[in-house]
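> Before I ask anything, here is the structure I am working with.
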Amino acid sequence: MKPIEAAAADLYAVDRQAARDAIADKYAKAVAPGGDLRRKLDAANANFNETAGFMVDALDEWVKKVATGPLHQLLVTRAKTRTDLDATLGSRERARAAAQDDAKAWGARFADWSAPADTITKIVAGYADQINKLDLEINGGNAPDSAILSFWFEVAPKHLQVSDGTLTDDAKTALGKVKNAVAQAGFADLAAWLDPVTARNAGGVYVIPPVDLPPSGPTS
């Protein structure tokens with residue numbers, strides 16, 4: 001329980017209700033129309049939609065590389081490395097490590113929801129500028145295949161985690177092509193990265209209407 005003790009006190013202690021109210025008020029202002037976080041989210045979503053939508057046709061060739069060739073081998077090696085590492089632990093060690101990881105994850109999520117506006121702002125800041133850089137690489141750079149990989153498996157999981165923005169039809173088509181190709185090639189865990197955080201049950205902070213923000217915040 002140690003990983004969640006401090007965060008749980010901040011979120012549930014009676015004498016800290018005023019602080020929790022201030023957090024909720026700050027979040028409401030940040031995601032309101034014209035709010036600082038809302039402007040950043042809208043800009044990131046517009047750029048994400050544009051970049052994803054523009055590569056719809058290019059993905060027809062790129063997704064083939066998920067099923068065969070160097071990219072496929074890289075993904076196979078990644079999966080095998082994880083399996084090999086799991087095999088180094090006994091069943092009890094693996095269970096203990098999983099419990100420890102779960103506790104740490106809960107603690108991290110409690111901490112995230114204790115300052116949702118700040119947490120989401122930090123996440124968006126970590127990938128927003130990368131979208132434009134990758135867009136240039138995808139459309140005329142020296143390594144478009146690598147840039148596409150980075151877009152879908154570095155940027156997209158973060159954006160789909162936090163954003164409440166709507167994807168354009170082209171962006172949805174591009175997303176579907178990548179998810180299907182990865183899943184059909186046998187990498188279901190990677191395909192799940194491209195689901196919204198609420199669908200993949202991966203934990204994390206994400207944008208919700210301020211009226212739906214309970215005193216302790218969502219925890220899944």
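The values are calculated or read from the model by the stated rules, or taken from the named source; none is laboratory data. Not measured: the values here are computed from a predicted model. The accessibility values were calculated without ligands, DNA or RNA, using every heavy atom of the protein model including side chains. Shrake-Rupley method; radii C 1.70, N 1.55, O 1.52, S 1.80 Å.
> Please work out how much accessible surface PHE153 shows to a 1.4 Å probe, ignoring ligands, DNA and RNA, in Å² rounded to 10.
40
> While we're on this one: Looking only at Cα atoms, what is the convex hull volume of the range 85-148 per residue, in Å³?
Value for the range 85-148: 106 Å³ per residue.
> Oh, and also: Given the options ALA95, ALA58, ALA24, which has the most mean-square fluctuation in a GNM of the chain, springs set between C-alpha atoms less than 10 angstrom apart?
It is ALA95.
> OK, next. Given Cα positions, please report Rg to Rh for the range 111-220, the hydrodynamic radius being the Kirkwood one.
With Rg and the Kirkwood Rh in hand, the quotient comes to 1.00.
> Next up: Along its principal axes, what span do the Cα atoms of the range 39-143 show, with the longest given first and each in whole Å?
Cα spread of the range 39-143 along its principal axes, largest to smallest: 51, 43, 19 Å.
> Give me the percent relative contact order of the chain, please, defined on Cα pairs under 8 angstrom at least 6 residues apart.
34
> Moving on to the next point. Structure shown: which of LYS26/LYS179; LYS40/LYS179; LYS104/LYS179 lie over 31 Å apart, alpha-carbon to alpha-carbon?
LYS26/LYS179
> Quick one: how many Å² of ILE208 are accessible to a 1.4 Å probe, rounded to 10?
For ILE208, solvent-accessible area is about 20 Å².
> Mind checking which helices in the chain clear 20 Å along their axis (Cα) and have mean Kyte-Doolittle hydropathy of -0.5 or more, DSSP H runs only?
Passing helices, by number: 17-31, 70-87, 116-138, 169-184.
> Nearest 500 deg cm²/dmol is fine: what mean residue ellipticity at 222 nm does the chain get from its DSSP H runs of n ≥ 4 alone, each adding -39,500 (n - 2.57), divided by its residue count?
Here the helix-only value at 222 nm equals -22000 deg cm²/dmol.
> For the chain, what class follows from the C-alpha gyration tensor (a ≥ b ≥ c being the square roots of its eigenvalues): rounded when a/c is under 1.5, otherwise prolate if a/b is larger than b/c, else oblate?
oblate
> I'd like the accessible area for ASP118, computed on protein heavy atoms only with a 1.4 Å probe and all protein chains in place. Round to 10 Å², please.
ASP118 has an accessible surface of roughly 80 Å² with all protein chains in place.
> Would you look at the GNM of the chain, springs on alpha carbons closer than 10 Å, and say which of SER114, SER163, SER146 moves the most?
Looking only at SER114, SER163, SER146, the biggest GNM fluctuation is shown by SER146.
> Would you list, by chain and number, the aspartates and glutamates whose Cα falls below 17 Å from the Cα of LYS133, excluding same-chain residues fewer than 8 positions away?
LYS133 reaches GLU50, ASP145, GLU154.
> Using a 1.4 Å probe and counting only protein heavy atoms, arrange HIS72, HIS159 so the residue with the most accessible area comes first.
HIS72, HIS159
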